[in-house]
Amino acid sequence: MVETGAGEVYNVVVIGGGTAGLVTAAGTAGLGGRVALVERDRMGGDCLNTGCVPSKALIASARAAHTIAHASRWGLRDTAPQFSFAEVMDRVRERRAAIAPHDSEERFRSLGVDVIRGSARLVSRREVAVGDRRLRAAAIVIATGSRPSLPPIDGLYEARPWTSETVFDDLRARPDGLVVLGGGPIGCELGQALARLGVHVTLVQSAGRILEKEDPDVAEVVRRAMEADGVEFRLEAQVRRVERRGGPLRVHLASARGEETLEAEGLLVAAGRKPNVEDLGLEEVGVAFTPRGITVDAYLRTSQAGVYAAGDVTGAPLFTHVADHHARTVVRNILTPWLKTKADTSVLPWCTFTSPEVGRVGLSETEARGGNVAHDVWIAPLSDLDRAIVESETVGFAKVLTAKGTDRILGAAVVAERGGEIVHELALALRAGVGLKDLSAAIHAYPTFAEVARRAADQYQRSRLTPRARALFEWLYRRARRT
Ligand SMILES: Cc1cc2nc3c(=O)[nH]c(=O)nc-3n(C[C@H](O)[C@H](O)[C@H](O)COP(=O)(O)OP(=O)(O)OC[C@H]3O[C@@H](n4cnc5c(N)ncnc54)[C@H](O)[C@@H]3O)c2cc1C
């Protein structure tokens, strides 16, 4: 604890009340530290207010509507789902409100955290200013997150497009057409969900395919599913200009299909994010940062002793579970700096919550090829899986990469209705060094979707059956029949 100078004195001052900040504050307070948490906007940050929570609530309603519309897949009648778009959006906000108490000021006060509302700025590496208040601490944690970035397109800013920051609060009536700029996870998740809820969606993507972090065969399964839901694609597209003059919005673009103008009531931009590094006093205090975010070492220390950064603002993979992991690491490193714990995201599972989902961990096939990593690929389609067949959810596959000639897992992708759940078995195996032999030997409950991972492992096992071994087994069987 810093004992000298004016101002309120803490062990830790945390800037930002999103996942990284909240977990840091709760962890520090839980261990007996005196901690202040400064938040300038809504408690809970991006995940609760404008990210994971509202997007997954919207996706859940979209899935229900899709199930009703395609009920004949389960022997029922296809029916146009009866719903009010506004009520669906109300539910999104209501679900968010149901989770909000977990991250609320009251809850954090009850945990012993001093919650301070306002914009924080570093004054020195031991001091933070919030308005007239001065908070002093031995350690400061910057957890200010990231925000959507608007690409420099003529007329885009003036057209007041939605971004993830505004869409969940401002979207109430069903828009008469929506252009989504960006074919990454956010654009695909929201584009597909809104299409399932009856919005005519055109997704514009500058690359030749969507979900560029995934292998082409994985992304293609998702693209086809989105197309079946009514999403139109403009790939290899460059938006030249956006206009909104009273009537519908006009998006002028050039794509593989040539020059065209799309008209729609709404425009959603999901074309990248940038770290919140402005107005924090970073330059003045000498905390190094780049356009990607605050520079940190493996222990999440910034260039100034005692100042740490965690979560999206570090430019790390933009996930809530990374922000959470960072926060836990920072809490440890502040309390016991001599033990120095590294942030270890070497085995990082993630999920893109499209339908089907994409669960991913470790190396992709594209990355393995690009990095000249010798590997084998094992693919198990859902169409062969009993549970998937009875559920009429046979789209997709599990793909597991192993180091060439061994059963050591390098990475996996599961594009399937429950891909985000299934991939965790493979993530644990990768982390614990469990190979495909053990995965194949592990008993899996029948009939489950989880069996698809073992199916991939079984393929590895079958590949080890050499013609000589097979000839030997056949001889043994023949001999047994004679006795
Ligand atoms: C649409 C969408 C869907 C997503 N879905 C998922 C998902 O399914 N799974 C997943 O893992 N991740 C998802 N994410 C990403 C996830 O939301 C973020 O990675 C995560 O919230 C980052 O947490 P953070 O604490 O680093 O930052 P944030 O949650 O952004 O928190 C930063 C906080 O700092 C505050 N702040 C900033 N500057 C100051 C200042 N000067 N003073 C005081 N306060 C300040 C901000 O107001 C904010 O509350 C999604 C994101 C989006 C946009």
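Only one entry in ALA129, ALA143 is buried (at least 23 other Cβ atoms within 10 Å of the Cβ) and in the same structural domain as VAL35 (by TED's automatic domain parsing), namely ALA143. Just a yes or no: is a residue in region 454-472 under 23 Å from the mean Cα position of the chain (by Cα) and in contact (Cβ under 8 Å) with a residue 60 or more places away in the chain? No, that holds for no residue. How do the pairs read when you match residues in region 362-384 that are in contact (Cβ under 8 Å) with a residue 24 or more places away in the chain and closer than 20 Å to ARG464 by Cβ with residues anywhere that are basic (Lys, Arg) and part of a loop (DSSP other than H, G, I, E, B), using Cβ under 8 Å and keeping only pairs 6 or more apart or on different chains? Cβ pairs passing all conditions: ALA374/LYS404; HIS375/LYS404; ASP376/LYS404. Filtering region 104-112 for residues that are of a type in the set (Lys, Arg) and out of contact with any Pro (no Cβ under 9 Å at 6 or more places or on another chain) leaves a non-empty set. Determine whether region 409-418 contains at least one residue that is among the basic types (Lys, Arg), within 27 Å of the chain's Cα centre (by Cα), within 30 Å of GLY75 (Cβ to Cβ) and not assigned by TED's automatic domain parsing to the domain that holds ILE59. Yes - at least one qualifying residue is present in region 409-418. Selection within region 269-292: residues that are assigned to a strand (DSSP E or B) and more than 10 Å from the ligand (Cβ to nearest atom). The member of this set that is surrounded by the most Cβ atoms within 10 Å (Cβ to Cβ) is VAL269. If you go through region 92-110 one residue at a time, do you hit one that is more than 27 Å from the chain's Cα centre (by Cα) and not small (Gly, Ala, Ser)? Checked against the condition, which is being more than 27 Å from the chain's Cα centre (by Cα) and not small (Gly, Ala, Ser), region 92-110 yields at least one hit. Just one of the listed residues (VAL9, VAL38) is surrounded by 24 or more Cβ atoms within 10 Å (Cβ to Cβ) and aliphatic (A, V, I, L, M), namely VAL38. Within region 145-166, not a single residue is more than 12 Å from the ligand (Cβ to nearest atom), closer than 17 Å to ALA62 by Cβ and of a type outside the set (A, V, I, L, M).
One line per residue, one yes/no per condition, for (1) free of Cβ contacts under 8 Å to residues at least 40 places away in the same chain; (2) closer than 27 Å to GLY177 by Cβ; (3) surrounded by fewer than 17 Cβ atoms within 10 Å (Cβ to Cβ); (4) not assigned by TED's automatic domain parsing to the domain that holds ALA316:
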{"residue": "THR28", "(1), (2), (3), (4)": "no, no, no, no"}
{"residue": "GLY45", "(1), (2), (3), (4)": "no, no, no, no"}
{"residue": "VAL53", "(1), (2), (3), (4)": "no, yes, no, no"}
{"residue": "TRP74", "(1), (2), (3), (4)": "no, no, yes, no"}
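Answer yes if at least one residue in region 312-320 is within 11 Å of the ligand (Cβ to nearest atom), surrounded by 15 or more Cβ atoms within 10 Å (Cβ to Cβ) and among the polar types (S, T, N, Q), and no otherwise. Scanning region 312-320 turns up at least one residue that is within 11 Å of the ligand (Cβ to nearest atom), surrounded by 15 or more Cβ atoms within 10 Å (Cβ to Cβ) and among the polar types (S, T, N, Q). Where residues in region 34-46 are touching a strand residue (DSSP E or B) at 6+ places or on another chain (Cβ under 9 Å) and more than 6 Å from the ligand (Cβ to nearest atom), which of them is farthest from GLY230 (Cα to Cα)? In this case the residue turns out to be ARG34. Counting only residues that are of a type in the set (Asp, Glu) and free of Cβ contacts under 8 Å to residues at least 60 places away in the same chain, region 117-164 holds 1 of them. Restricting attention to region 119-140, and to residues there that are in a strand (DSSP E or B) and small (Gly, Ala, Ser), which single residue is nearest to the ligand (Cβ to nearest atom)? Selected residue: ALA120.
For (1) in a helix (DSSP H, G or I); (2) touching a His at 6+ places or on another chain (Cβ under 7 Å); (3) within 11 Å of the ligand (Cβ to nearest atom), each residue gets a yes or a no:
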position: LEU22; (1), (2), (3): yes, no, yes
position: ALA29; (1), (2), (3): yes, no, no
position: GLY32; (1), (2), (3): no, no, no
position: LEU48; (1), (2), (3): yes, no, yes
position: ALA64; (1), (2), (3): yes, no, no
position: SER72; (1), (2), (3): yes, no, no
position: ALA80; (1), (2), (3): no, no, no
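Of all residues in region 4-20, those satisfying the criterion of being over 13 Å from ARG109 (Cα atoms) and either part of a loop (DSSP other than H, G, I, E, B) or of a type in the set (D, E, K, R) (or both) are THR4, GLY5, ALA6, GLY7, GLU8, GLY16, GLY18.
Of the residues making up region 251-261, not a single one is in contact with a Gly (Cβ under 8 Å, 6 or more places away or on another chain) and of a type outside the set (A, V, I, L, M). The residues of region 330-358 that are buried (at least 19 other Cβ atoms within 10 Å of the Cβ) and either assigned to a helix (DSSP H, G or I) or of a type in the set (Val, Ile, Thr) (or both), listed by number, are VAL330, VAL331, ASN333, ILE334, THR352, THR354, VAL358.
Scanning region 438-453 for residues that are hydrophobic (A, V, I, L, M, F, W, C), farther than 12 Å from VAL414 by Cα and not in a helix (DSSP H, G or I) gives ALA442, ILE443, ALA445.
Of the residues making up region 293-319, those that are in a loop (DSSP other than H, G, I, E, B) and without any contact (Cβ under 8 Å) to a residue 60 or more places away in the chain are THR295, VAL296, ASP297, ALA298, TYR299, LEU300, SER303, GLY315, ALA316, PRO317, PHE319.
The values are calculated or read from the model by the stated rules, or taken from the named source; none is laboratory data. These numbers come from a predicted model, not from an experiment. A quick note on method: Cβ atoms are made from the backbone with ideal geometry, for glycine too, and the neighbour counts reach across all protein chains shown.
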